Structure formats: C-alpha cells, structure tokens
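S.K.: Got a structure for you, written out below as structure tokens; questions coming shortly.
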Amino acid sequence: MSFFNELKRRNVFRVGIAYVVIAWLLAQVADLAFENFGTPDWAIKTLLLILVLGFPLALFFAWAFELTPEGIKKEKEVDRSQSITPKTGRKLDYTIIALLVLALGYFIWESRFEAGSEPETHGTAEVGDQAAGVEPSPVAEKEASIAVLPFADLSAEGDQEYFADGISEELLNVLVRVEGLTVASRTSSFAFKGQTSNISDIAQELKVDHVLEGSVRKAGNRVRITAQLIDAATDRHLWSDTFDRELVDIFAIQDEIANAIVTALRSTLGISDSGKAVTVTADTKNLDAYELYLQGRSLFIARDQLEESIRLLEKAVELDPNFARAWEGLSAVYAIVISWGITDRDYDTLAIQAANRALELNPELSMPWATLALGSSGLGGSYVLAMEQFDQALKNDPKNSTAYLWRAIAWADLRFVARALADTKACLEIDPFYENCRRHHAAFLMINGDTELGLKFYQEGVEAGFKGLEEPFWPKLVQNGNRLAVAHSMWDWVEDRTFPAKAALDAIEFPEADHSQGLDKILRWISVKEEDADDWWKTLIYFDAYDLVDNTYSEIFYTWLDSYQDFRKTEYFKPSIRKVHVIDYWREKGFPPGCRPLGDEDFECD
C-alpha cells in the first residue's frame, strides 16, 4: 500500500481537517471572549501559538495510534483484520460536516453583524451604572489624562476611514468637556495614525496615562463600533465594549458610546463623579450630509484635494442648509485655498459668508470667528477687528490651536513678537505635533534674535517631515556653512528643475558681490512661472530688488527678520506697512518694541 493510501486509511487527513476547523472556531470564540473580558493581547497570541503547535501533534497521534473498542492503542499493535478505522473515518466525516456548518454560521453572523436581530450592546459596561467587569482604582492623585487614537477602519471595502476618523473625533470632543479629565489634542493623537507603536510609547509621547482605541466596521446600514480603554502603564484593558447598531442616528450611537466611556472613566480613574450624562450635539439629522461633512473635513485636515473638499462640503450644506459645522468647515477651507494656489473664485468673500452663516446657526462655534479674523488681518483689513475676532474664537474654544497659530501670525505681522511666541507656545502645548505651528514658532524666534533656538525648532520640523515656511532660515543656514541644506530646501520646496538656485544661494552668501546676472535669471524664471512663483518674489530681497518686492509683498512678518534689515531702511518699507494697515493698529493700540511714532503721520522702525 502506498504511503498516501496509508495516510487515508489511518484517517490522518480527516483528523487534520477536523483539527483545523476546531482550532479556527476556538480562536474566533476566544478572540470575542478575550476582547469583552479585557484580557491582555498576549493571551490570545499564546492560545494561537498552542493551536499551531498542536497541529503536527494531532497528525502524529492519528498516524501512530488507533481508536479501538478496548481504547487507544499503538497502530502497530492492532490486527488489520480487527481495525475499525473505516467506522472511525465515517464518524470523523460527520464531525467535520457539523464543524463546517458551525464555522459557516459563525462566519455569516460575523459578516452581517447579527442581521435581523434586535440591536444589543455587548460588553462589560452599561450606561448609567458602574461598568461591570471594570477593575476599580483609587481616586487619582493627579488629573486623569487620556488620548483618543483614530479608530481603525475594518470595513470590507476599506473605504470608511473618514467615518472611523469622525467617530474618534466626536468622542474626543465629548471627553474634552468632562470635568477632571485632560485629553490629548486631535492633531497629536492622529499623528500616530497607521503606526504600529505600542500603547505605552504612544502614551509617553502624548503625556497621558490612558488610551482609548477602537475600530469601526460599516456594512450597508449597519455599523459595529468597538472601543477599549487601556491603562498605558500596565497595558491592561480597563474597559471594552462592542456596539452593533442600525445606522439610523449616528449621533445617538456616539452619545451612547461616549456615556459608556465616561462611566468607565469615572469608576476606574477617579474623575469627577457628578453623574451628569454627556451629550453629542446632533448638528444635522441628515446622515448623507453628515457623511459628506466627514469626507470633506478629512481632506481639509490632510490638506489633500482641497477642491474636492470644497465640493463635498458645499454638497453637505446644500442637503442641510442648517448644518452649522458643515458651514464652519466650508469657511475654513475657503480661507486657506488661495495659499494653496486655488484662485478660480473669490474665496476670501466666500469664507466670510460661510463663517457668518455658521455663526448665525451656532454663535458658540470657534473656527468661524478665526476665519473672520484671518480675513480682517492683512491686505486692506483691520488688525484691530482681527484681534477682537481672534479673542472671541479662543473664548469659544480655548483649545483651538489653529486660532492660536493664526493670531500668532497676526501678532508677528504687527511686530509684537513676544505675544506671537506666547501664542505659538500655547499652540504647541495643546498640539505638540502641530508642525506648522512649530515652524512658525521657529521663525518668530529668529525674528526675536534667538537664532540657535529657532534653528533647533526648524530642524525638529524638518526631521518630522514638515515642508513649508523655509525662507526665513536660509540666510542663517548659509552663514553657518549649511549651503547644501539650503539648496536641498530650495529644490524640495520649488519642485522645479529650472529654478536658478545657485543664483539665489550666491546672493545670500556673498551679498557684496555683483549679482545682476543672477537677478536676471530669477526674474526670467518668475516671469515664466507667473502665479506659481508668488512666494519666490521674496528671494528678490537677497538681490536688493526692493522695488519689485514691494509690488507683491503680503507676508508682513518677514519684514522683521534680520535679512530684511536693509529693506527697512529703504523708501519701500513704509508704504508696505501702510498698505496692510499695520500702522492703524499701532496708532490705536500702541507701537511695538523697535518702532515708534514720528508726529501724527509718520513712524520709524529699527
């Protein structure tokens, strides 16, 4: 008899199939049970390892031993004429069929989220009561802290990332309002999106003691949301819950999850036990509008496909004209698209209109005030009004890091550098991973004369992969012998092989030399690039071509850099300051250090 036929006779194949199906079922049931009981991750990994190691042992025993009416015997001790392996094989066939039916049933249940059954909450916590299975801890000696990581998208098509992000962010916004709880900012928490860092490392970076993570699986009109609260120090699951729901009122689902989490936090972390239920504000009852809002906002935050972001948000407010947060998001996108080269419409006016509409619907929103302030500062605006609007934005939301950054830029335009640095510092305290805030903080340090510290912050941003606001650092880098670093920065920023980088570098490094030919190269390049070269007009400062700079100049805080010192002594400086109404703020509110009035009409600056 061949070896293959002998394997069949001894039922080795049948045993192997039965073992695989049983192991799979055990793993699925264990995973579900371990998740709800808060078992550490290593437990399920250990079980899986045991099941894998058991497979060759099962095959060995099927080969070497046989089940007889007298019990288990070694195969070689059984008379072939007395062997009952055919009967055993038939029993194994029936067993395998039964197991496969069970596996198929479980697979269908898992895929369809128990379709057709009454929605239930499965887990270890009940809203309004002390969470069952949650291990109590003594009252915290310091304020409890938590980070909400972006929930994973486990949907079959993998196209619900924006929805999972929206769930995470809504929960974060609710937890921020819980008394006695410090919550890491969205920007900082979402910096770990897609990373495989362990929980303790993430918590250490975010300076929190606990982490909330989870997943979202959406199929048709049903959604399964799983959340778990983890003690970062011990990697212990303090609470977990799974919610299977019809996707009818997503805000009600978020409200339920948020209250379950807060109940768990109150019982495990010792935070304020006022008993107040938290609520998720339903800004819209139109689920289609809400999903469009989430998609559009996701693109805006990523600064990706901003025109598509506008289209989605405009569609959201079309479906629900009273959707305040959609108007808020639309105003924010309108406010920044011009700086991204999108100029096909009057976005400044659209931003103001959208912001005003958002505030009509909900005057307690923050970003619309910041958007209005951004429009009020700069060319043709009023810095007095802008500062009042920024103050209102931060009064409505003291943790609006973007409002801090935008106000810091306005302070820097006005040359109140200490105030600008205080705002970027506050921005970074709220959002330690807000790299655009870090880069502006570095630039304001350069203006303030803290060159080494400014370069340090700049380097940290470069190492984190941030690109933007490069020019303020070039002169000092070249002066320090880092011409190659500046060259790389120029090429990376301009993304055009025709840019005459050498001409600009020579003008920076050797300011006393004749750079007329280099200036001609820069001007020819700018004339070809037209609108795409707006930022690069500022390089003309290095060639002392101040008359040309004045025609296009808009970022006023550059004026206060050391590299612009000679520009401040020219006839072109004061008109540029008057053009953006900086002098109007100074006259009404007081002059900054380094500038002073000369009579009623004139002024001077160092």
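The values are calculated or read from the model by the stated rules, or taken from the named source; none is laboratory data. Predicted, not measured: the structure shown is a model, and the values here were computed from it. Backbone-built Cβ (ideal geometry, glycine too); neighbour counts: all protein chains shown.
S.K.: Identify all residues within the stretch 285-325 that are of a type in the set (Lys, Arg), surrounded by 16 or more Cβ atoms within 10 Å (Cβ to Cβ) and more than 23 Å from the chain's Cα centre (by Cα); write none if there are none.
M.R.: Correct list: 315 only.
S.K.: So which residues in the stretch 524-562 are of a type outside the set (A, V, I, L, M, F, W, C), at pLDDT 85 or above and either more than 28 Å from residue 421 (Cβ to Cβ) or crowded, with 20+ Cβ neighbours inside 10 Å (or both)?
M.R.: Hits for the stretch 524-562 are 524, 542, 544, 558, 559.
S.K.: Confirm whether residue 364 is assigned to a helix (DSSP H, G or I), acidic (Asp, Glu) and more than 25 Å from residue 584 (Cα to Cα). Break it down into steps so the answer makes sense when it comes.
M.R.: Numbers: assigned to a helix (DSSP H, G or I): no; acidic (Asp, Glu): yes; more than 25 Å from residue 584 (Cα to Cα): yes.
No.
S.K.: When residues of the stretch 556-600 are filtered for being of a type in the set (D, E, K, R) and over 14 Å from residue 383 (Cα atoms), how many remain? Spell out how you get there, then give the answer.
M.R.: Our first condition is that a residue be of a type in the set (D, E, K, R); within the stretch 556-600, this holds for 562, 566, 568-569, 571, 574, 578-579, 584, 587-589, 596, 600.
This time we only want the ones that are over 14 Å from residue 383 (Cα atoms), so: 562, 566, 568-569, 571, 574, 596, 600.
Here the count works out to 8.
S.K.: Condition check: touching a helix residue (DSSP H, G or I) at 6+ places or on another chain (Cβ under 6 Å), surrounded by fewer than 24 Cβ atoms within 10 Å (Cβ to Cβ), among the aromatic types (Phe, Trp, Tyr) and in contact (Cβ under 8 Å) with a residue 12 or more places away in the chain. Does residue 347 satisfy that?
M.R.: Judged against the criteria, residue 347 is a match.
S.K.: Out of the stretch 185-228, which residues are small (Gly, Ala, Ser), under 13 Å from the mean Cα position of the chain (by Cα) and in a loop (DSSP other than H, G, I, E, B)?
M.R.: Within the stretch 185-228, 185, 191, 194 qualify.
S.K.: Kindly indicate which of 348, 423, 391 is in a helix (DSSP H, G or I), among the acidic types (Asp, Glu) and within 25 Å of the chain's Cα centre (by Cα).
M.R.: 423
S.K.: Report, by residue number, each residue of the stretch 363-405 that is closer than 18 Å to residue 324 by Cβ and among the charged types (D, E, K, R).
M.R.: Of everything in the stretch 363-405, those that are closer than 18 Å to residue 324 by Cβ and among the charged types (D, E, K, R) turn out to be 364, 395, 397.
S.K.: Moving on. Counting only residues that are surrounded by fewer than 19 Cβ atoms within 10 Å (Cβ to Cβ) and among the polar types (S, T, N, Q), which one in the stretch 564-594 is farthest from the chain's Cα centre (by Cα)?
M.R.: Out of the qualifying residues, it is 570.
Per-residue answers, yes or no, for (1) in contact with a Ser or Thr (Cβ under 7 Å, 6 or more places away or on another chain); (2) among the β-branched types (Val, Ile, Thr); (3) outside the structural domain of residue 189 (by TED's automatic domain parsing); (4) more than 24 Å from residue 588 (Cα to Cα):
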site	(1), (2), (3), (4)
357	no, no, yes, yes
368	yes, no, yes, yes
373	no, no, yes, no
387	no, no, yes, no
448	no, no, yes, no
452	no, no, yes, yes
